[in-house]
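What follows is a set of notes on a single structure, which appears directly below.
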Amino acid sequence: MADIVSERYAQSLYEVAKDEKQEKEYLEELTAVCGAFRENPDFLKLLTTPSIAFEDKQNVLKTVFEGKIRPFMLNFLMLTTEKGRIGLIHEMREAYKEQYYFENNIAEVCAVTAVPMSDALRDRLKNKMQAVTGRQVVLETSVDPEIIGGIVVKVNNEQFDTSLRTRLSEIAARLTNTIA
């Protein structure tokens, strides 16, 4: 149910952004707003607390965001707060981003390595993923020392795991099966 609600709100926001030819800018603002909520979880909790009057929530939203985001985005936040849906703001942002990426032929690629990737390696991976997907690539990287070495790449719903941890696990499983 929450997915449907989030998608509808995101679609409505996207349509306004598209009419204004500002889809990317709205995504950036929505991402910044979500970042503020992520950094200050009590702020989002305040906006979702039923015992706090809507007028008080409205004043807080105005104080924090007025002049820093587009008036329509502020109105969007007020509307979602009034309707009790502001708690789904992160899901709305994700649905908006998915729509934006779909319409602009963008693929999100997440790469996990044991140590930080060099800029040259990032560029090579991005170019390779663009060739493989046939889309413009947004590359997100993260570090997880537990994979020991290699890389884990996630594209859409597919995962390509060439990490040393996975290979060692596969070898251990084969050895166990051979001995047993």
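Would you be so kind as to identify which of P41, V16, N59 lies farthest towards the positive end of the dipole of the range 1-100, taking Lys and Arg as +1 and Asp and Glu as -1 on Cβ and the Cα centre as origin?
Going by the Cα projections, it comes out as N59.
Between I52 and Q22, how high is the FRET efficiency from 1/(1 + (r/R0)^6) when r is the Cβ-Cβ distance and R₀ = 45 Å? Nearest 0.05.
0.90
Can you work out the accessible area per residue across the chain, with the rest of the protein chains kept in place, probe 1.4 Å, in square angstrom?
63 Å²
How much length is gained on full extension from I4 to N105, taking 0.36 nm per residue of separation minus their Cα-Cα distance?
Taking I4 through N105 to full extension adds about 34.1 nm, to one decimal.
Heavy atoms only, probe 1.4 angstrom, no DNA, RNA or ligands counted: give me I4, I52 ranked by accessible area, highest first.
I4, I52
Per residue of the range 154-170, in order, report the coupling 6.51 cos²θ - 1.76 cosθ + 1.60 (Karplus, θ = phi - 60°) as ³J(HN,Hα) in whole Hz, putting x for Gly and Pro.
Running phi through 6.51 cos²θ - 1.76 cosθ + 1.60 with θ = phi - 60° gives 10, 10, 6, 9, 9, 10, 10, 10, 10, 6, 5, 4, 5, 5, 5, 5, 5 Hz.
Under a plain spin-label model, where a point goes 7 Å from the Cα along Cα-to-Cβ, how far apart in nm are T31 and H90?
It is 1.7 nm.
Kindly rank 8-14, 53-59, 151-157 from highest to lowest mean number of other beta carbons found within 10 Å of each residue.
8-14, 151-157, 53-59
Near T133, within a Cβ-to-Cβ distance under 13 Å, what is the net charge of the other residues, with Lys and Arg +1 and Asp and Glu -1?
Around T133, the surrounding residues sum to +2.
Considering only protein heavy atoms and a 1.4 Å probe, what is the carbon-and-sulfur percentage of the accessible area of the range 85-180?
51 percent
How charged is the neighbourhood of K68? Take every other residue with its Cβ under 13 Å from the Cβ of K68, and add Lys/Arg as +1 and Asp/Glu as -1.
Value of the local net charge: -1.
The values are calculated or read from the model by the stated rules, or taken from the named source; none is laboratory data. Owing to the predicted nature of the structure, the values given are computational and were not obtained by experimental measurement. Note that each Cβ is placed from the backbone with ideal geometry, even for glycine, and that neighbours are counted across all protein chains shown. The area values use the complete protein model at the heavy-atom level, side chains included, leaving out ligands, DNA and RNA. Shrake-Rupley method; radii C 1.70, N 1.55, O 1.52, S 1.80 Å.
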